[in-house]
Amino acid sequence: IEAKIKTLTKLGEKTMEGEGGGGKQMENSVMCALTDPEGTPLGAPMYLPQSAGPLQLQQIVNKLLNNEEKLPYAFYISDQELVVQLGTYMQKNKVSVEKVVSIVYQPQAVFRIRPVNRCSATIAGHTEAVLSVAFSPDGRQLASGSGDTTVRIWDLNTQTPLFTCKGHKNWVLSIAWSPDGEHLVSGSKGGELQCWDPKTGKPSGNPLNGHKKWITGISWEPVHLKAPCRRFVSSSKDGDARIWDVSLRKCVICLTGHTLAVTCVKWGGDGFIYTGSQDCTIKVWETTQGKLIRELKGHGHWVNSLALSTEYVLRTGAFDYTGKQYSSPEEMKEVALERYNKMRANAPERLVSGSDDFTMFLWEPSVSKHPKTRMTGHQQLVNHVYFSPDGQWIASASFDKSVKLWNGTTGKFVAAFRGHVGPVYQISWSADSRLLLSGSKDSTLKVWDVKTHKLKQDLPGHEDEVYAVDWSPDGEKVASGGKDRVLKLWMG
């Protein structure tokens, strides 16, 4: 690496001489230390010409990392993206040339998602509010759950209903696709769960009964841990979480210990289950016997939402933007594991929690039961939190009408997105982590640009509150549903 750095510094000198810098290399250069988002240095600090910008830094990082394929990187100096030459940045921000400048390099998605800007279909069919929408892991199908007690599976090519899944006797509050795309599970206000075959729209077996009150969340066991997918966990207002096996069609483990409603649940990539509750705690469970292994305390009010830094790869399993399909569960498991390991790199899986106490906590549950940081700034309850697919950002939606952006590694506040005139209910990310979508009580969807921190697109069209939004994993489409009973599809 040292030899490489010398060559690169020489390269820098050459560039400068070419620009008439002559022998002034030392006074015209900046000592820079490159680190990854976790703070691990990439080689020793090096002198770089003030004329160096993102392009030169990209070449340096690709070289130091021995990347055969040249990857795109973005560079950050104290959480601000470097989009100009180093010298210009130093002048503008009054940074002394004597100081060592710490530059964080962050890999960017090789592909780019087009921002959605028009409604391509308004699909009627549900006779009550649409309460949940979710694209399948490969982005080819879409499901919605409604107050009319049905689940609908939609054909995205013809933009018409494919199947109306009937069986629930109460509002469908929650839906979740298995990461291998083979199953869809829905949970209702009555507390029962139903598994459906997405190919036929028919129920796979009888309803799964056990919960005494309504279902608040459903999360599947990651496909890199077990393929084909068989187990999922549900959380309920009754204070329990239950692990079910779809092939045995029964509850195999009951996770009891919360003293109030369990509001959210996530099955993590390391095989642990996380539950957030109105009892202000987050509990961590192992999944062979359902033993409680850790309690995360700190919130002063109900925990409303949990998100994992690895959530996107857990949700999509082996599927990615290329649209490749797989012939066997074994192949799927292998590819999913590869994707998961690449996403995680050498960092622990992170968890973020949002609460009625207006704050959020960032945790590394495998490392410590104490939060990494407390994230404050919202003026009202935090309703939904979500990591970007690359784990670089955390977004939070609040009843204070704002969406906030935070650093996904440190939890530091980055920006506030303002524009909604009502509480923000739900958010979703584009697959390339460059755009963020929000749905609000104010009947609009908005798309925000993470780089410029500005509103990219305002999407009016719903006639009432927007309860649910999802951006398809392949990046092509956005779906939204709400009080006006229609499902809207949006395209780029």
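The values are calculated or read from the model by the stated rules, or taken from the named source; none is laboratory data. Since this is a predicted model, take the numbers as computed values, not measurements. So basically every Cβ, Gly included, is an ideal-geometry build from the backbone, and we count neighbours across all protein chains shown. The protein model used for the area step is the full one, side chains on, heavy atoms only, and it has no ligands, DNA or RNA in it. Shrake-Rupley method; radii C 1.70, N 1.55, O 1.52, S 1.80 Å.
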>> Six or more apart or on different chains, Cβ atoms under 8 Å: show the pairs whose first residue is in segment 199-213 and more than 15 Å from Gly187 (Cα to Cα) and whose second is aliphatic (A, V, I, L, M).
In response: Gly201/Ile153; Gly201/Leu162
>> I need the full set of residues from segment 306-333 which are farther than 24 Å from Val385 by Cα and among the basic types (Lys, Arg), in order please.
In response: Lys324, Lys333
> Failed condition for Lys324, given (1) open to solvent by 40 Å² or more (accessible area, probe 1.4 Å); (2) touching a Lys or Arg at 6+ places or on another chain (Cβ under 9 Å); (3) over 19 Å from Trp220 (Cα atoms), with all others met?
Replying inline: (2)
> Looking at segment 440-451, is at least one residue over 12 Å from Ser402 (Cα atoms) and of a type in the set (Ser, Thr, Tyr)?
Replying inline: yes
>> For segment 223-247, give me each residue that is open to solvent by less than 10 Å² (accessible area, probe 1.4 Å), in a loop (DSSP other than H, G, I, E, B) and within 29 Å of Lys342 (Cα to Cα).
In response: Val223, Cys229
> Do you know which residues across segment 446-456 are open to solvent by 40 Å² or more (accessible area, probe 1.4 Å) and under 18 Å from the mean Cα position of the chain (by Cα)?
Replying inline: Lys451, His453
>> Suppose we filter segment 463-478 for residues that are within 23 Å of Phe399 (Cβ to Cβ) and either open to solvent by less than 10 Å² (accessible area, probe 1.4 Å) or not in a loop (DSSP other than H, G, I, E, B) (or both); how many remain?
In response: 7
> Yes or no: Pro329 under 30 Å from Arg112 (Cα atoms), without any contact (Cβ under 8 Å) to a residue 40 or more places away in the chain, surrounded by fewer than 18 Cβ atoms within 10 Å (Cβ to Cβ) and in contact with a Pro (Cβ under 9 Å, 6 or more places away or on another chain)?
Replying inline: no
> Of everything in segment 424-434 that's in a strand (DSSP E or B) and open to solvent by less than 10 Å² (accessible area, probe 1.4 Å), which residue is nearest to Val385 (Cα to Cα)?
Replying inline: Ile427
> Only one residue in Phe417, Phe413 is without any contact (Cβ under 8 Å) to a residue 40 or more places away in the chain, aromatic (Phe, Trp, Tyr) and open to solvent by 30 Å² or more (accessible area, probe 1.4 Å), so which one is that?
Replying inline: Phe413
> Is it the case that segment 379-394 has a residue that's of a type in the set (Asp, Glu) and over 24 Å from Val262 (Cα atoms)?
Replying inline: yes
> Which ones in segment 332-356 are within 30 Å of Asp279 (Cα to Cα) and either of a type outside the set (D, E, K, R) or without any contact (Cβ under 8 Å) to a residue 60 or more places away in the chain (or both)?
Replying inline: Ala347, Pro348, Arg350, Leu351, Val352, Ser353, Gly354, Ser355, Asp356
> Which of the residues that make up segment 411-423 are more than 15 Å from Gln379 (Cα to Cα) and either assigned to a strand (DSSP E or B) or modelled with pLDDT under 95 (or both)?
Replying inline: Val414
> Hey, which of the strands (runs of 3 or more DSSP E) in segment 47-137, taking only ones fully inside, have at least 3 residues that are open to solvent by 50 Å² or more (accessible area, probe 1.4 Å) and either touching a residue at least 12 places away in the same chain (Cβ under 8 Å) or of a type in the set (Ser, Thr, Tyr) (or both)?
Replying inline: 118-123
> Which condition does Ala318 not pass, out of (1) assigned to a loop (DSSP other than H, G, I, E, B); (2) surrounded by fewer than 22 Cβ atoms within 10 Å (Cβ to Cβ); (3) of a type in the set (A, V, I, L, M, F, W, C), if it passes all the others?
Replying inline: (2)
>> Let me spell it out: the conditions are (1) over 17 Å from His453 (Cα atoms); (2) touching a strand residue (DSSP E or B) at 6+ places or on another chain (Cβ under 6 Å); (3) of a type in the set (A, V, I, L, M, F, W, C), and Phe75 meets all of them except one. Which number is the exception?
In response: (1)
>> For Lys250, only one of the following conditions fails: (1) in contact (Cβ under 8 Å) with a residue 40 or more places away in the chain; (2) in contact with an Asp or Glu (Cβ under 8 Å, 6 or more places away or on another chain); (3) on the phi < 0 side of the Ramachandran plot; (4) surrounded by fewer than 19 Cβ atoms within 10 Å (Cβ to Cβ). What is its number?
In response: (2)
>> Considering only segment 437-445, I want to know if a residue exists there that is outside any loop (DSSP other than H, G, I, E, B), surrounded by fewer than 24 Cβ atoms within 10 Å (Cβ to Cβ) and either among the hydroxyl-bearing types (Ser, Thr, Tyr) or in contact with a strand residue (DSSP E or B) (Cβ under 8 Å, 6 or more places away or on another chain) (or both).
In response: no
>> So, in segment 253-288, exactly how many residues are more than 18 Å from Asn304 (Cβ to Cβ), buried (at least 19 other Cβ atoms within 10 Å of the Cβ), out of contact with any helix residue (DSSP H, G or I) (no Cβ under 8 Å at 6 or more places or on another chain) and not hydrophobic (A, V, I, L, M, F, W, C)?
In response: 1
> Which condition does Trp220 not pass, out of (1) within 20 Å of Asp197 (Cβ to Cβ); (2) open to solvent by 10 Å² or more (accessible area, probe 1.4 Å); (3) more than 24 Å from the chain's Cα centre (by Cα), if it passes all the others?
Replying inline: (3)
>> Return the residues of segment 10-46 that are within 22 Å of Val83 (Cβ to Cβ), modelled with pLDDT of 55 or more, polar (S, T, N, Q) and surrounded by fewer than 17 Cβ atoms within 10 Å (Cβ to Cβ); say none if nothing qualifies.
In response: Thr35
